[in-house]
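**Q** Take a look at the following structure, please.
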Amino acid sequence: MNYSHEVECMMCVKKGPDHGPAPIPEEGKWVKAREIKDISGLSHGIGWCAPQQGGCKLTLNVKDGIIEEALVETLGCTGMTHSAAMAAEILTGKTMLEALNTDLVCDAINVAMREIFKQLAYGRSQTAFSEGGLPIGAGLEDLGKGLRSQIGTMFSTKAKGVRYLEMAEGYILKLGLDEANEVIGYQFVHLGKMMDAIKKGVDHKEAYEKNIGTYGRFSEAVKVIDPRHE
């Protein structure tokens, strides 16, 4: 260790407080985190790329500093989906510090990693007060039946109004309008459940029809439109 001449000439003043870091809540315990292996928890980070064309939601389940589970969800950029495929392979098995200093292929995923690191380092996780945390695989609970991300896609113009395209329930088939042409409900198909049925051997037409549902006062609509073509 090298010291400047000014420091070398200083007298030594004893340090008083030496109580270590403040404890943070982790999986039902209060932990004084000094090393990366002291970090555990499940949390989320949201990231965006420089042009803000796309975004990423990253979910990690960390045990003793090691990433045991990763869920990478992306939106708005086609290339980002391929970046997510690579990042998902890269992340698991690394320490939080390794992952933070690894190129995760896409700016948005890198930013999401930074944000989730801050969440966990400060004890702001979903499992802060859950004894033992959550089992590996818990991240999948954020996805609906059929394991599809919760997506909301809406489009509107001043001239022609709003179009619902995708909701948590599924892919929007039709919008129901009232006498004033205001939306009062919609019809959707649950793509995850439909694909599960098709994979089990159900005829695709039957699987499609059995997974159609409605929301709101769709049955009272005086006019029904296809939001993608009308």
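**Q** Within the stretch 122-147, how many residues are among the charged types (D, E, K, R), assigned to a loop (DSSP other than H, G, I, E, B) and either at pLDDT below 90 or open to solvent by less than 90 Å² (accessible area, probe 1.4 Å) (or both)?
**A** Of the residues in the stretch 122-147, 1 are among the charged types (D, E, K, R), assigned to a loop (DSSP other than H, G, I, E, B) and either at pLDDT below 90 or open to solvent by less than 90 Å² (accessible area, probe 1.4 Å) (or both).
**Q** Let me ask something else about it. Scanning the stretch 55-112 for residues that are hydroxyl-bearing (S, T, Y) and either in contact with a Gly (Cβ under 9 Å, 6 or more places away or on another chain) or assigned to a helix (DSSP H, G or I) (or both), which turns out nearest to S149 (Cα to Cα)?
**A** That would be T74.
**Q** Okay, next question. Only one of these is surrounded by fewer than 11 Cβ atoms within 10 Å (Cβ to Cβ) and basic (K, R): K14, K37, K94. Name it.
**A** On the way: K37 fails: surrounded by fewer than 11 Cβ atoms within 10 Å (Cβ to Cβ); K94 fails: surrounded by fewer than 11 Cβ atoms within 10 Å (Cβ to Cβ).
Of K14, K37, K94, the one residue that is surrounded by fewer than 11 Cβ atoms within 10 Å (Cβ to Cβ) and basic (K, R) is K14.
**Q** Cβ-Cβ distance below 7 Å, separation of 6 or more or different chains: which pairs start in the stretch 96-114 with a residue that is farther than 15 Å from I36 by Cα and end on one that is outside any loop (DSSP other than H, G, I, E, B) and of a type in the set (K, R)?
**A** If the second residue must be outside any loop (DSSP other than H, G, I, E, B) and of a type in the set (K, R), the pairs left are A112/K57.
**Q** With respect to A112, is the statement that it is under 19 Å from the mean Cα position of the chain (by Cα), of a type in the set (G, A, S) and either more than 25 Å from R228 (Cα to Cα) or open to solvent by less than 40 Å² (accessible area, probe 1.4 Å) (or both) true?
**A** yes
**Q** Let me ask another. Just need a number here: residues in the stretch 210-230 that are hydrophobic (A, V, I, L, M, F, W, C) and open to solvent by 40 Å² or more (accessible area, probe 1.4 Å).
**A** Residues meeting the conditions: 3.
**Q** Those residues that are closer than 12 Å to R228 by Cβ and touching a helix residue (DSSP H, G or I) at 6+ places or on another chain (Cβ under 9 Å), I need them from the stretch 171-191; list them, please.
**A** As a first pass, look at the stretch 171-191 and keep what is closer than 12 Å to R228 by Cβ: 171-175.
Residues satisfying the conditions are Y171, K174, L175.
**Q** If you don't mind, there's one more thing I want to ask. Out of the residues in the stretch 148-184 meeting the condition of being among the hydroxyl-bearing types (S, T, Y) and surrounded by 12 or more Cβ atoms within 10 Å (Cβ to Cβ), tell me which one is farthest from V222 (Cα to Cα).
**A** It comes out as S149.
**Q** When you look at G20, is it open to solvent by less than 60 Å² (accessible area, probe 1.4 Å) and farther than 29 Å from I136 by Cβ, yes or no?
**A** yes
**Q** For the stretch 56-82, enumerate the residues that are at pLDDT 95 or above and open to solvent by less than 20 Å² (accessible area, probe 1.4 Å).
**A** Selection gives C56, L58, T59, L60, N61, V62, G65, I67.
**Q** So, in the stretch 194-209, of the ones that are under 29 Å from the mean Cα position of the chain (by Cα) and open to solvent by 80 Å² or more (accessible area, probe 1.4 Å), which residue ends up farthest from F155 (Cα to Cα)?
**A** So the residue we want is K200.
The values are calculated or read from the model by the stated rules, or taken from the named source; none is laboratory data. Not measured: the values here are computed from a predicted model. Note that each Cβ is placed from the backbone with ideal geometry, even for glycine, and that neighbours are counted across all protein chains shown. With ligands, DNA and RNA removed, areas are computed over all heavy atoms of the protein, side chains included. Shrake-Rupley method; radii C 1.70, N 1.55, O 1.52, S 1.80 Å.
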